[in-house]
Each structure stands twice: as C-alpha cells, then as structure tokens.
2 protein chains.
Amino acid sequence: MESHISGGGVDEKEVRVANQRRVGSCESLVRILVVLLTLAAALVQGLSKQTKVVPIKVIPSLPAIYLPVTAKWHYLSAFVYLVVANVIACVYAAFSLVLSFANRGTKKSSLELLIIVLDLLMVALLFSAIGAAGAIGLMGYQGNSHVQWNKVCNVFGKYCHQVMASVLLSQLAALAFLFLVVLAVLGLNKRSN
Amino acid sequence: MESHISGGGVDEKEVRVANQRRVGSCESLVRILVVLLTLAAALVQGLSKQTKVVPIKVIPSLPAIYLPVTAKWHYLSAFVYLVVANVIACVYAAFSLVLSFANRGTKKSSLELLIIVLDLLMVALLFSAIGAAGAIGLMGYQGNSHVQWNKVCNVFGKYCHQVMASVLLSQLAALAFLFLVVLAVLGLNKRSN
C-alpha cells in the first residue's frame, strides 16, 4: 500500500514536471514568434515608401503642375511611434527569451514577476501604438469631410497596404504578449491551489 | 512551547487575513475610481461640442463666406471609439466590483481568473482607444503638411481641450486597470510561495 502511494507521488511529480516543461516550451515558442512578428512589423513599416507624380496647384488661378511626391513612414508621428514600439517590443522579447531560459533552472519568483509585469507593459505599449497607427491609417484611407482631411490612399495605395500589414503584424504580436500574461497567470493560479 | 507555536500560527493567520482584507479594500477602491474615471472620460468626450463662425471658400475665385461650423465628437471615428471603449470599461468596472465583493467570501479560483483576464482585456481596449484618439487629437493640434491635413485646434480650441481631458482621464483608468492586474499577479505569487 505504502509503495503504491509513493509510486503515485512520483507519478504526480513527473506529470507536474512534464507539464511545466510543456508550458516552458510553449512560452519560448511564443516569445520567438513575437521577436519575428515585431521585427517584421518594424521592417515593413520602416521600409514603407512610395513615390507618385501628382498634380499640385501652387497658384489657384494657374493650372496644376505635376511633381513627384514621396510618402515615407517618418512623415507621420503615429507611424514613427509604431516602429519605435515594435523595436522596443522586439528587443524586450529577445531579452525575455534569454531571461526565461535562465530562470527555468532556478525558478526565481522575483524574476518571474518582473517578466510578467514587463509583458504587461508591452501589451499596453503595442496596443496604444496599434490604435494610433490604425486611426491615422484609417483617416488616410477614408478621409474626413468635417475637418477637410482628404484621403491619401487613393494615390499612395502600395504605401497604405504596407502600413496595414505592419499594423496587423503588430496586432498579432500584442495578442501574443497578452497570451503570455494569461499563461503566466494560469501557471501561478495552478501553483497557488 | 507548544502554546507559543500555536499562538504564532494564529498570529500569522490573522496577519494573512488582515493583509487579504487590505488588498481587497484597495482593489475595491481602485475599481470605484475606474468607474468614476471612465464615466467622466465618456461624458467629457460625449458632450464635447463647439460652434465657431469660420470663413469658407465655396468658389475659389470668389471671396470667402462666413458660416457657423460645429465640431462634434461623433464626426471622428477615433473619438467614437474612445467613448465606446470608456462606456464598456465603465460598465465592466461596476460589474467586476460586484463580482469581486461576491467572490471575497467564497474565493472561487475560476471567478478570480476570469476577473484578471477581463481586466487585462480592458487594458488592451483602453490603450488602443487612447492611442487612436491621441493620434487624431495630435493631428488636429499640429496638422501635417505632407498629407495636407490642416490643424483645427487653432479654431476649435475648447473642443480640443475637452478631447485632451478625456484622453487623460482614460489614460488614468487604463493605468488603474494595469495596477489591478499587477495586484492580482502579486497576490497569486504570494499564495503560490
């Protein structure tokens, strides 16, 4: 009977260790995915550029003259914010991957907490940058007659598609960070019961 | 000696219960604060309106005519998003206050987890709405020569100040939700050790 109980205890411990390993591997995979997503989002946005020849009226009474105009990512502060937020998130994701690997052996509680709080801050940072770039992108796509801001995506279509792709990649990265926080909370909750 | 150990155990339990109560009261206070902040943010933004007489050129060759123009919150989708996000966060904060009160006696783990995950979703929702409204507000304040979007805050100053106040109130509410998630994670971590 004693041997049975003892065997059950070892089984339980083994199952718990196997579960922890599985969660650890899942966490590492998500962090690698976040590094790739944020890097891709920053590159797609940072390299977005399109030149078009457009009619511009210098003097209202004279006919328009045709000039080449270039759309670049750093012309709009919301897009700069998206690139900076993605670079910060990418560097942090790579750093946290190393930290979570280092912590796997020792399981330091303070380091684990630091990673959860920083993951949470990345959720806030990325979502605000996505909101900003999304709102400006939507304005460029639709325009607004009330404030007389004309749409620009009818001219710079390729540029707008690049912005949209960058926003979508950032959205996936933000959701991945959200998932990491939920995963950590579930792990803590399991250990506390 | 036995009595001393037993007495120490009771003391420890009392301290733990007192700490839990203090954390519970702090959580309730923050949730009440969030209800007030999000309600104020939604009202300030939802009631923002300003009418000004501005010169408008209907035909370029003729002189401008002066017409009354009104700036309203629902003319820009980013501001509508901010109001909707604040209303959702306000309703949820009030609901979660009741839930956390109800959970204080039973301490159901699943309900506690649900509240943490929903708090986390509110962080994401509010930060994206703040990013969107902040980006459009900044564009209205500064304008952008590259996309030829003129600033509007030089004309509708009072309206812009109301938008800014609403964004700031939402920012405080979002930080409060972030604090609630950190508080819950710290509580779980303490119980897991």
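The values are calculated or read from the model by the stated rules, or taken from the named source; none is laboratory data. Because the structure is predicted, anything quoted here is derived from the model rather than measured. All Cβ positions, even for glycine, are placed from backbone atoms using ideal geometry, and neighbour counts span all protein chains on display. Areas reflect the complete protein model, heavy atoms only, side chains present, ligands, DNA and RNA absent. Shrake-Rupley method; radii C 1.70, N 1.55, O 1.52, S 1.80 Å.
Points to keep in mind about this one:
- Taking the numbered list (1) more than 19 Å from B:PHE156 (Cβ to Cβ); (2) open to solvent by less than 90 Å² (accessible area, probe 1.4 Å) in turn, B:GLN50 passes all entries but (1).
- Sole exception among (1) within 30 Å of B:LEU180 (Cα to Cα); (2) open to solvent by less than 80 Å² (accessible area, probe 1.4 Å); (3) among the hydroxyl-bearing types (Ser, Thr, Tyr) for A:TYR81, by number: (2)
- Some residue of the stretch A:120-140 being touching a residue at least 60 places away in the same chain (Cβ under 8 Å), of a type in the set (Ser, Thr, Tyr) and under 19 Å from B:SER128 (Cα atoms): no
Conditions (1) more than 7 Å from chain B (Cβ to nearest Cβ); (2) among the acidic types (Asp, Glu); (3) surrounded by fewer than 16 Cβ atoms within 10 Å (Cβ to Cβ), marked per residue:
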{"position": "A:GLY137", "(1), (2), (3)": "yes, no, no"}
{"position": "A:VAL147", "(1), (2), (3)": "no, no, no"}
{"position": "A:GLY157", "(1), (2), (3)": "yes, no, yes"}
{"position": "A:GLN162", "(1), (2), (3)": "yes, no, no"}
{"position": "A:LEU168", "(1), (2), (3)": "yes, no, yes"}
{"position": "A:ALA173", "(1), (2), (3)": "yes, no, no"}
{"position": "A:ASN189", "(1), (2), (3)": "no, no, no"}
{"position": "A:ASN193", "(1), (2), (3)": "no, no, yes"}
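- Failed item, numbered, when B:VAL155 is tested on (1) part of a helix (DSSP H, G or I); (2) under 30 Å from A:GLN148 (Cα atoms); (3) hydrophobic (A, V, I, L, M, F, W, C): (1)
- Residues satisfying the stated conditions in the stretch A:177-187, i.e. open to solvent by 10 Å² or more (accessible area, probe 1.4 Å) and either under 19 Å from A:ALA93 (Cβ atoms) or touching a residue at least 24 places away in the same chain (Cβ under 8 Å) (or both): A:LEU178, A:PHE179, A:VAL182, A:LEU183, A:ALA184, A:GLY187
- Checking the stated criteria, B:PHE95 turns out not to satisfy the condition of being in contact with a Gly (Cβ under 8 Å, 6 or more places away or on another chain) and within 24 Å of A:LEU178 (Cβ to Cβ).
- Taking the numbered list (1) of a type outside the set (Lys, Arg); (2) surrounded by 15 or more Cβ atoms within 10 Å (Cβ to Cβ); (3) within 13 Å of chain A (Cβ to nearest Cβ); (4) part of a helix (DSSP H, G or I) in turn, B:HIS74 passes all entries but (2).
- Among (1) within 14 Å of another protein chain (Cβ to nearest Cβ); (2) surrounded by 13 or more Cβ atoms within 10 Å (Cβ to Cβ); (3) not small (Gly, Ala, Ser) - the single one B:LEU43 does not satisfy: (1)
- Verdict on A:LEU180 being part of a helix (DSSP H, G or I) and over 22 Å from B:ILE116 (Cβ atoms): no
- Residue in the stretch A:107-114 that is within 7 Å of chain B (Cβ to nearest Cβ), outside any loop (DSSP other than H, G, I, E, B) and at pLDDT below 90 present: yes
- Residue within the stretch B:85-92 that is under 20 Å from B:GLY24 (Cβ atoms), within 14 Å of the chain's Cα centre (by Cα) and more than 10 Å from chain A (Cβ to nearest Cβ) present: yes
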